[in-house]
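S.K.: Dropping a structure here in structure tokens format, bear with me for questions.
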Amino acid sequence: MRDTILEDTEAGNGDTTSKFGMWLFLFTELFLFVVLFFVFLSYRASYPEGFHHASIRLNGVIATANTFILLTSSFAVAISIVAIRKGHKRVTIWALIVTIALGVLFLVMKGFEWREKIEHGIYPTAKGLSGLGEGENLFYGLYYLMTGLHALHVIGGIVLLFVMLCFVGNGRVSRGSYGALENSALYWHLVDIIWIYLFSFFYLVS
Amino acid sequence: MANETHNKTPGYGTFLVVWGTVLVLTIAAAASGRLLNEGLWKSFPLFIALVKTVLIASFFMNLKYERGFFRVMVFVVLGVILILGLFLYTDVGYR
């Protein structure tokens, strides 16, 4: 598909300093999850059977649907950047509304998944967990910790994008100054990338 | 001007293609996670995750069109993660 590459040489739009700061922040967030993934992999090496049995009990359908939802939300927020660069304010606003709505939908689906597990007595400190092996206990502990932490990041991203939506609405973020929107989108994409690995490790590879 | 940048970004069409690709890759990952459970194939969903990450980082996060400085920064961080991962693997593997 032929496409136009948009160029921008205006000061402030791709403000290198703020973008540099945002990337540094993203790296700290990345390391937070990388450490948890390392913990997951260490325990997985020690308890491969327990992790396997725990993994197949997770709801892969909801997780796959959630992956579609987050990937689509990433696409929508990327579209909002192109739209603001082209000066298409209405498209920007709708793209952000779609992104936020998909973020909320992701949380709702995650809530359903958690509720299903909790109803089966699988949650931290539950008596039902004591009947399971050590590997399964560790798996579910990490599952709630990592998906919960990720959900908090999704909530943070939704709040951030809602602020951007207001800023686009009142003109504080516009074709001439959209660095804040670009940085918020970077954050949202990182949240998406982290979910891709949560999905792979918890639902597919274990 | 100190803050002046030379920044590019692709248009709607490129993002549409990338979006379609990552969705197809997600289906492939979900299917392979259920069907391929032997040997190295078990890690196939992780390979797909890596490809999706590269696509999202390159296009959605604009790294492909970003200044080289940002790309170098990302590679350095990924290198550090790789080294830490190797230390972890060595530690766990030889316990």
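Rule-based calculations on the coordinates, nothing more; no lab input. From a predicted model like this one, the values you see are computed outputs, not experimental measurements. For neighbour counting, all protein chains shown are included, and Cβ atoms are generated from backbone atoms with ideal geometry for every residue, glycine included.
S.K.: From the Cα gyration tensor of chain B, with a ≥ b ≥ c the square roots of its eigenvalues, which class applies: rounded if a/c is under 1.5, or else prolate if a/b is larger than b/c, or else oblate?
M.R.: Taking the square roots of the gyration eigenvalues as a ≥ b ≥ c, chain B is oblate.
S.K.: To the nearest 20 Debye, how big is the dipole of segment A:64-205 about its Cα centre, given +1 on the beta carbon of each Lys and Arg and -1 on that of each Asp and Glu?
M.R.: 780 debye
S.K.: Name the helices (complete DSSP H segments) of chain B with a Cα length along the long axis of 20 Å or more and a Kyte-Doolittle mean of at least -0.5, or state none.
M.R.: B:12-35, B:68-93
S.K.: So what are the three principal axis dimensions of chain A from its Cα atoms, in whole Å, longest to shortest?
M.R.: 61, 35, 29
S.K.: Let me ask something else about it. Rounded to whole Å, give me the distance from the Cα center of segment A:83-100 to that of segment A:125-172.
M.R.: What the calculation gives is 26 Å, centre to centre.
S.K.: Given B:V80, B:F15, A:F40, which one lies farthest toward the positive end of the charge dipole of the protein assembly as shown, if we put +1 on the Cβ of every Lys and Arg and -1 on the Cβ of every Asp and Glu?
M.R.: B:F15
S.K.: Hey, another quick one. Please check which bits of segment A:62-99 a label hung off B:I27 would reach, taking the label as a point 7 Å along Cα-to-C-beta and the cut-off as backbone N under 14 Å.
M.R.: A:65, A:68
S.K.: Filter the chymotrypsin sites (Phe, Trp or Tyr not before Pro) in segment B:33-95 to those in DSSP coil with at most 12 other Cβ atoms within 10 Å of their Cβ, and list the result.
M.R.: B:Y94
S.K.: Positive end of the dipole of the protein assembly as shown, charges at C-beta (+1 Lys, Arg; -1 Asp, Glu), about the Cα centre: which of A:G133, A:T28, A:T16 has its Cα farthest in that direction?
M.R.: Final value for the positive-end residue is A:T16.
S.K.: Where in segment A:107-147 is the amide nitrogen less than 18 Å from a point lying 7 Å along the Cα-to-Cβ axis of A:F162?
M.R.: A:107-111
S.K.: Given +1 on the Cβ of Lys and Arg, -1 on the Cβ of Asp and Glu, and no further charges, what dipole in debye does chain B carry about its Cα centre, rounded to the nearest 20?
M.R.: Rounded to the nearest 20 debye, it is 80 debye.
S.K.: What does the charge count around A:F38 come to, taking other residues whose C-beta lies under 11 Å from its C-beta (Lys +1, Arg +1, Asp -1, Glu -1)?
M.R.: 0
S.K.: Within segment A:101-153, list the chymotrypsin sites (Phe, Trp or Tyr not before Pro) lying in a DSSP loop whose Cβ has at most 10 other Cβ atoms in a 10 Å radius.
M.R.: Hits after loop and neighbour filter: nothing returned.
S.K.: Please list, in order, the residues from segment A:130-150 whose amide nitrogen is less than 18 Å from a point placed 7 Å along the Cα→Cβ vector of A:V35.
M.R.: A:142-150, by backbone N distance to the label point.
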